[in-house]
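Reviewing the structure listed below.
The values are calculated or read from the model by the stated rules, or taken from the named source; none is laboratory data. Please read all numbers here as calculations on a predicted model, not as lab measurements. When we count neighbours, we look across all protein chains shown, and the Cβ atoms used for this are built from the backbone with ideal geometry, even at glycine.
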Amino acid sequence: MIEDVKQFNGLSLAFIGDAVDELKIRTYLLSTGLTKVNDLQHRSKEFVSAKAHGKLFILMEDEHLLTEEERDIFKRGRNSHPHTKAKNTDIVTYQVSTGVEALLGYLYLSRQYERLDEIINWMINKVESGQTRG
């Protein structure tokens, strides 16, 4: 496995974090009994879109969910300079989403699976309870 995860830049962490987030959310959605691909795709956007990540990060801050180290990793992702343009959202929300994905990627690559699951499950609960709507 990868030795020194702290050496990765924010975009590299976000690259793997995006995949981890998608896989975890898709697995969760299948566990709810959804089977139609269109329904699965529509519901997944409630969890993994830039807008959803932006709202979730505000809640993370409000609840002081992240450790100092995790906030530093988030900032590394947020402050990186992506080579693509934000789709369907503003640049600030896109940067926050990149930060969230970087955090998830960091937790995965550093094998902090329990903490990764804790944060993903927290995110699922916030979305399912309607706290990210509006």
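Annotations for the structure displayed:
- Residue within the range 102-124 that is without any contact (Cβ under 8 Å) to a residue 40 or more places away in the chain, part of a helix (DSSP H, G or I), among the aromatic types (Phe, Trp, Tyr) and over 19 Å from residue 52 (Cα atoms) present: yes
Yes or no, residue by residue, for (1) among the hydrophobic types (A, V, I, L, M, F, W, C); (2) closer than 18 Å to residue 105 by Cβ; (3) part of a loop (DSSP other than H, G, I, E, B); (4) at pLDDT 95 or above:
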position	(1), (2), (3), (4)
45	no, no, no, no
57	yes, yes, no, yes
69	no, yes, no, yes
72	no, yes, no, yes
84	no, yes, yes, no
87	no, no, yes, no
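- Matching entry among 65, 56, 29 (being under 14 Å from the mean Cα position of the chain (by Cα) and crowded, with 19+ Cβ neighbours inside 10 Å): 56
- Checking each residue in the range 17-51 for being among the basic types (Lys, Arg) and more than 17 Å from residue 117 (Cβ to Cβ) picks out 36, 43, 45, 51.
- Scope the range 50-74; condition touching a residue at least 60 places away in the same chain (Cβ under 8 Å) and farther than 18 Å from residue 122 by Cα; matching residues: 73
- Test: residue in the range 76-93 that is within 24 Å of residue 27 (Cα to Cα), surrounded by 12 or more Cβ atoms within 10 Å (Cβ to Cβ) and hydroxyl-bearing (Ser, Thr, Tyr): no
- Among (1) touching a residue at least 24 places away in the same chain (Cβ under 8 Å); (2) farther than 23 Å from residue 125 by Cβ - the single one residue 46 does not satisfy: (2)
- Among the candidates 30, 34, residue that is assigned to a loop (DSSP other than H, G, I, E, B), more than 17 Å from residue 102 (Cα to Cα) and among the hydrophobic types (A, V, I, L, M, F, W, C): 34
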